[in-house]
Amino acid sequence: MNTLNEEPKRQQRLGKHWARRTHRVLGVSSVTFIFLISLTGLVLNHADTLKLSTHYISGPVMLGLYGIDAPPVETAFEARGVIFATADNKLFANGQLMADEVEALRGAITKDDVIVLATDNEFFIVTQSAELVERFAPDVSGLTGRLGTDGQLAVADIDSHQFVFDTNSMRLQSLPGITNVTWSQAVTPSQQQVANIAATSLGKTLSWERVLSDLHSGRILPTVGRYLADITAICLLYLCVTGIFLWFRRR
Amino acid sequence: MGSKSLISLVFVVSIALYGALAIAAPGVYQTRTEFLQEALGTEKPDSDVVWMNAELRNVVTKVLGHPPAMLRMRYWYDASRTAWIIDEIGKEKPITLGIVVENQEIQSFSVLQFRESRGWEIRYPFFTNQFAALRLGKSRSMSQDIDGISGATLSVRAATRSANLALVLDEYTKRRTQAAATTR
């Protein structure tokens with residue numbers, strides 16, 4: 001009988017215990033953060049399967065949050081009415097992405113029925129409809145400074161030495177003394193093309209994996225986010241400790 | 001162990017770890033000229049191209065899981081071998097691979113350039129040796145499975161796709177040569 005009377009009192013004491021009260025308050029208040037961390041963690045665990053690194057966010061709000069601006073157009077050249085430009089290590093043809101991992105463009109010329117492009121360290125053969133036929137990085141020391149033509153040959157100026165570029169074998173041959181070379185001149189792309197380049201480039205800048213990873217770690221919000229993540233982690237640890245403590249007390 | 005000995009040990013281990021990481025870092029492991037010299041015994045071997053016609057484009061798209069990036073693929077060859085340099089994206093950046101095929105079997109497989117921060121372990125022989133003597137199996141896939149590397153899944157997949165592509169294109173060039181010889 002005595003025991004029966006004491007049990008509700010014990011429960012009442014336990015209910016008022018500081019550990020239970022703080023456990024309850026912290027548990028309820030950290031629900032949102034725990035839910036966010038668990039959900040993003042789950043999704044990130046399957047990032048490869050879900051192809052999160054190759055799916056991108058292009059919304060202006062998110063890009064603004066990350067301070068990502070449109071990349072400037074480095075250089076642009078025109079051939080057969082197509083404007084070729086490099087920006088953010090990408091090659092664009094009339095504002096459309098053509099190739100990744102590209103250095104600055106140094107010239108664009110027409111040779112026979114194709115267009116030849118030269119970057120610092122590569123040559124590109126492109127059709128008149130701006131389809132990439134082949135790209136090739138010759139093993140030469142030095143960077144291409146200019147690309148031109150004497151009307152028949154594609155001539156590259158590499159460290160002030162003239163080379164002829166064979167578009168079939170994709171080989172460079174040192175051939176000094178070529179005269180009447182018309183060097184490709186840089187042009188300024190239209191505003192519409194710059195806008196297209198910006199849209200295409202920005203569209204492949206911020207991956208879902210990066211955003212979810214930052215959400216998971218709290219880095220999505222500068223400074224504050226990290227502290228919020230720290231507080232959530234401390235809350236979780238506290239909930240673990242007080243949970244075990246209360247479980248033992250009840251027994 | 002005295003404190004001086006402990007400090008020395010930590011210093012030596014740190015230097016060794018740093019050295020190991022520096023060696024393993026992404027970068028150019030072999031230039032194209034070096035690869036061709038090793039593969040075909042000359043710096044400037046004969047080269048030819050394979051044009052991606054509609055039929056081949058479908059096959060390549062099936063092998064790679066995406067359409068080919070270029071309209072033609074260059075390869076180098078001698079009397080019995082073909083050498084292929086293939087750029088294939090692992091996670092975000094292309095991995096440059098050099099593959100030599102002889103008698104429809106992979107003779108050598110090497111990573112020429114790795115640009116990403118993770119997955120460079122595929123350059124080591126414990127991985128690349130798996131490709132030796134592999135050939136095309138059923139439905140133009142590889143004759144044997146390739147063991148993966150933990151943490152380098154996407155690089156392993158890119159390497160496997162590239163090896164498969166080299167075998168498919170080598171087979172195509174052989175058929176093309178035979179057809180040309182028959183026509184003559």
### Message
Restricted to Cα positions, what overall size does region B:87-184 have along the principal axes? Three whole-Å values, descending.
### Response
51, 23, 21
### Summary
Taking R0 as 35 Å and r as the Cβ-Cβ distance between A:Asp159 and A:Lys51, the FRET efficiency 1/(1 + (r/R0)^6), rounded to the nearest 0.05, comes to 0.25
### Task
Can you pull the one-decimal nm distance between simple spin-label points at B:Ala133 and A:Cys240, each 7 Å off the Cα toward Cβ?
5.0 nm
#### Entry: Zero-based 20 Å bins, Cα pair distances in the protein assembly as shown, whole percents
19, 43, 25, 10, 3, 0
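Pulled fully out, how much extra length does the chain show between A:Thr182 and A:Arg226, if you take 0.36 nm times their separation in residues and subtract their Cα-Cα distance? It would help to have the intermediate numbers written out before the result.
Details: separation 44, 0.36 × 44 = 15.84 nm, distance 5.70 nm.
Full extension from A:Thr182 to A:Arg226 adds 10.1 nm.
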### Task
Work from the charge dipole of region B:44-184 (Cβ charges, +1 for Lys and Arg, -1 for Asp and Glu, about the Cα centre) and give the residue of B:Leu56, B:Val168, B:Tyr77 farthest towards its positive end.
B:Leu56
### Message
For the pair A:Phe35/B:Ile149, report the inter-label distance in nm, with labels modelled 7 Å from Cα in the Cβ direction.
### Response
4.2 nm
## Note on the structure
With x for Gly and Pro, the residue-by-residue ³J(HN,Hα) of region A:210-219, computed from phi through the Karplus equation 6.51 cos²θ - 1.76 cosθ + 1.60 at θ = phi - 60° and given in whole Hz, is 5, 5, 5, 5, 5, 5, 5, 8, x, 6
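Given a Förster distance of 22 Å, report the FRET efficiency between A:Arg80 and A:Asn168 from their Cβ-Cβ distance, rounded to the nearest 0.05. Intermediate values should be presented prior to the final figure.
On the way: r = 19 Å, r/R0 = 0.88.
So the FRET efficiency works out to roughly 0.70.
If you place +1 on the Cβ of every Lys and Arg and -1 on the Cβ of every Asp and Glu, how big does the dipole about the Cα centre of chain A come out, in debye to the nearest 20?
Working: 22 positive and 24 negative charges, 603 e Å.
For this selection, approximately 2900 debye.
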#### Entry: Positive dipole terminus of the protein assembly as shown, leading residue within A:Phe35, A:Val82, A:His216 (C-beta point charges)
A:Phe35
### Query
For A:Gln152 and B:Gln37, what does the FRET efficiency come to when R0 = 35 Å and r is the distance between their Cβ atoms, rounded to the nearest 0.05?
0.65
## Note on the structure
The alpha-carbon center of region A:82-155 and that of region B:148-184 are separated, in whole Å, by 27 Å
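Which of the pairs A:Lys90/B:Lys62; B:Lys44/B:Lys93; A:Lys204/B:Lys93; A:Lys111/B:Lys44 have their Cα atoms more than 19 Å apart in this structure?
Details: A:Lys90/B:Lys62 26 Å; B:Lys44/B:Lys93 28 Å; A:Lys204/B:Lys93 13 Å; A:Lys111/B:Lys44 24 Å.
From A:Lys90/B:Lys62; B:Lys44/B:Lys93; A:Lys204/B:Lys93; A:Lys111/B:Lys44, over 19 Å: A:Lys90/B:Lys62; B:Lys44/B:Lys93; A:Lys111/B:Lys44.
Throughout, read-outs are computed from the coordinates displayed, never taken from laboratory work. The shown structure was predicted, so the numbers you read here are calculated from the model rather than taken from an experiment. Glycine also receives a Cβ, built like all others from the backbone with ideal geometry; neighbour counts cover every protein chain displayed.
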